[in-house]
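Only one structure is covered here, and it is reproduced in the block below.
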């Protein structure tokens, strides 16, 4: 029977320990590299997916849209919002809803697009139009501003009509009521370009 000397035993044990340490190190290192590679792949996949979704939906988070809101809000007029905003966001920028606003006839969750017209009806109104650039619900002219009887504030809610022009419109109609919406071009300061921007929002009766 062969016996190892004490020195040989130490050498053998040392060799075994070295082999074990090397094996453990290789195993741990291999697992670490695999996990790291998976994480990198996941990050790339998520980033690529996000880019694909943005390109597919055509969304530009920095794009600004302009919407005209009128009716039962405290500050009717033109509001600027980020693309993807909803009717409730426009309402908030317009000072919020008045107590007589009819919430059953508006969709506060609807997404908005550029150049939309939002009309917030009063409780009891019938055949109200909510105009958008995409769809129109048939109605009478309740959503339009009657330039023969409207208030100065309603006139100022029109695109490009400020305090001075609104006052001129009121002065003009006191002398001669408007027979057609085209007559508003007779008011000093309202040319063809400004008329084009407001003609869809006004009426005469």
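Each value in this text was obtained by applying a stated rule to the coordinates, not by laboratory testing. Everything numeric here is computed off the predicted structure, so don't read it as measured data. Quick reminder, even Gly has a Cβ in these numbers, built from the backbone with ideal geometry, and neighbours come from all protein chains shown.
Results, tabulated for the structure shown:
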item: Added length on full extension, which subtracts the Cα-Cα distance from 0.36 nm per residue, residue 185 to residue 205; result: 5.5 nm
item: Cα→Cβ-extended label distance, 7 Å offset, between residue 152 and residue 21, nm; result: 9.1
item: Distance between modelled label sites at residue 80 and residue 197, nm, 7 Å Cα→Cβ extension; result: 1.3
item: Förster radius 41 Å - calculated FRET efficiency between residue 115 and residue 171, Cβ distance, rounded to 0.05; result: 0.85
item: Ranking of 72, 200, 174 by count of other Cβ atoms within 10 Å, fewest first; result: 174, 200, 72
item: For a label point 7 Å along the Cα-to-beta-carbon line of residue 108, residues of segment 61-82 with backbone N under 15 Å; result: 72-74
